[in-house]
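Colleague: Below is the structure I would like to discuss, written out as structure tokens.
What follows is calculated from the coordinates using simple rules that are stated; it is not laboratory data. Since we're looking at a predicted model, the values are computed, not measured. Virtual Cβ from ideal backbone geometry, glycine too; neighbours counted across all protein chains shown.
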């Protein structure tokens, strides 16, 4: 997803930096002064414990924000054990702590959110009934989801002062479901980066190490949720923008298939490019949050408000894995590498851990079929794990990236020309990493950029359809190797070839873009953390390409200690419910493995 479109700065006005600085100052002024904390020393790079140490949060607010399971929060709201004002205030204060440390927010509207929370509390008190399935729950939103009366800047200086005249469809549904939208989160200029920085709001940092990126383009959501400044957030994904920050920040997420969840009214880059659609999805510290959000939105019949959404509500049978043997006998395939870049040692260890967990659980027949809050389910009786055989991955990636670049960069330049410079690199201007890759592989794959004719774009789309059919046939043919009478139920793979990296080094989107091009539903789930004592560098291998060599060489186990290590679970097209169900099974198996370690 990295950009490499040139732009002259001759036409950029001299005061563009002042324009951005004024908007940034307005953001700072929107923070309640009593919520300003004393920042830790500059040499303290890990700030995960600051919410506990800074003294801003009360004991109850710490309890609320440390409650990982979203269903537990909803239950306490429904029973009035916690009020929506209490919960919203707690997460808002923690979000503001996260903002001061990681620069993860864009829009801050405390009074508006608390007014909504009070109305929900009053409704529950007077009627004894909740407004909807998300009653009283504060939800953060990536800075694409328009909220009436608020600016939607999306990382562009040109969009400062652009106020939404109406809510986008998703926000309207969230209100109907009883939710409390309470902050919006930072994005990269153009959205098409795996990191998060723009001229208006600046760079977002990873709370596990401020010198590292939280990923992108939903990096603001990633950093906020990692610090538990939100219990449930919404991001988007066209080439990995949900899964990369979720992997870098140790979160769960769901990348749904095209047109399953409502995008109408949200702003976007590459508007009109519909061959590889951007999709929205939930991000959370719990898989329960992913399931609750997805079911709530689908139960609201979003196809009645967004004409592109498929008329397919939440399917409980598919969640119960009716198309996957009822979950009694499953076969997962592990993609140890994708034939384009090999993953770093912590990712390889995470895949081995997942394989051991699944095989042990299947052998003992003790994997809980669902999370505890979902009720009692039958146990999985058999789990098979085989190796995935790659199929035309580089062709798929090249096709996708060429589609993204088909306009020769016109979309990005048109938003920046005459207003601000187009960002060419996410590397910091000072203290840049010595191993930055100036020529990512995607540039050589896409070749010279020019405006492709309509006919040339149609041929790219035709090629993409052929590649999707070829890959589907390849997947279906795995029936001969699974032993279940069905093809592989899901693929387990890295979401990114590495854990979070220093700013400017995130070039890999091969593992994620594969799924966008093929429109596979997929999730990300955390597995473990980098451990320098056991994550030793692997010996050199025969490199696939110069980027594979680059990624291999910048691994040093001492560079990444303590970072989350996450993997991706890949299901079929329009298999959101089954992907959630299978992710629960994997997460439960990993929990049992860790509990017995």
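Colleague: Test of understanding: ordering 353, 48 by Cβ neighbours within 10 Å, fewest first, what list do you get?
Modeller: Fewest-to-most Cβ neighbours within 10 Å comes out as 48, 353.
Colleague: May I pose another question? What list do you get for 237, 535 if you sort them by fewest beta carbons within 10 Å?
Modeller: In order of increasing Cβ crowding within 10 Å: 535, 237.
Colleague: Still on this structure, I have one more. Would you give the gap between the C-alpha center of segment 22-96 and the C-alpha center of segment 150-194, rounded to a whole Å?
Modeller: What the calculation gives is 21 Å, centre to centre.
Colleague: Helix-only mean residue ellipticity at 222 nm, the chain, DSSP H runs n ≥ 4 weighted -39,500 (n - 2.57), per residue, nearest 500. What is it?
Modeller: -11000 deg cm²/dmol
Colleague: Of all beta bridges DSSP finds with both residues in the chain, what is the antiparallel percent, to the nearest 5?
Modeller: 65
Colleague: Can you give me the Kirkwood hydrodynamic radius for segment 224-276, using every pair of distinct Cα atoms, in Å to one decimal?
Modeller: 12.6
Colleague: Okay, next question. Sort out for me the Cα centre separation of segment 235-255 from segment 472-547, rounded to whole Å.
Modeller: Spelled out, the Cα-based centre of one part sits 14 Å from the other.
Colleague: Against the 2.2 N^0.38 Å scaling, with N counting residues, where does segment 78-175 land? I'd like the Cα-based Rg ratio to two decimal places.
Modeller: So segment 78-175 has a normalised radius of gyration of 1.18.
Colleague: Label segment 143-225 by shape, choosing from rounded, prolate and oblate, from the square roots a ≥ b ≥ c of the eigenvalues of the Cα gyration tensor; if a/c is under 1.5 it is rounded, and otherwise prolate applies when a/b is larger than b/c, oblate when it is not.
Modeller: oblate
Colleague: Which shape class, rounded, prolate or oblate, goes with segment 92-241 when its Cα gyration tensor gives a ≥ b ≥ c as root eigenvalues, a/c under 1.5 marks rounded, and past that a/b bigger than b/c marks prolate?
Modeller: Note, shape of segment 92-241 comes out prolate.
Colleague: Using only the alpha carbons, work out the radius of gyration and Dmax of segment 274-362 in angstrom.
Modeller: For segment 274-362, the Cα radius of gyration and maximum Cα-Cα distance read 17.5, 47 Å.
Colleague: Working from the pairwise distances between different alpha carbons, so that the mean of 1/r is found and then inverted, what is segment 208-308's Kirkwood radius in Å?
Modeller: Mean inverse Cα-Cα distance, inverted, gives 14.0 Å.
Colleague: If you don't mind, another one. Between residue 541 and residue 472, how many nm apart are label points set 7 Å from Cα along the C-beta direction?
Modeller: Simple spin-label model gives 3.0 nm for this pair.
Colleague: Using only Cα positions of segment 410-518, each an equal point scatterer, no hydration layer, compute I(q)/I(0) via Debye at q = 0.10, 0.14, 0.15 Å⁻¹ and quote the log10 values to two decimals.
Modeller: Listed by q, the Debye log ratios stand at -0.52, -0.90, -0.99.
Colleague: Could you please rank 337, 489, 29, 508, placing first whichever residue has the fewest other Cβ atoms within 10 Å of its Cβ?
Modeller: Starting with the residue having the fewest Cβ neighbours, the order is 29, 337, 489, 508.
Colleague: OK, next. Would you please give the FRET efficiency between residue 429 and residue 322, computed as 1/(1 + (r/R0)^6) with r the Cβ-Cβ distance and R0 = 35 Å, to the nearest 0.05?
Modeller: 0.05
Colleague: Give me the base-10 log of I(q)/I(0) for the chain at each q in 0.05 Å⁻¹, Debye formula, one uniform scatterer per Cα, rounded to two decimals.
Modeller: These q points yield log10 I(q)/I(0) values of -0.19.
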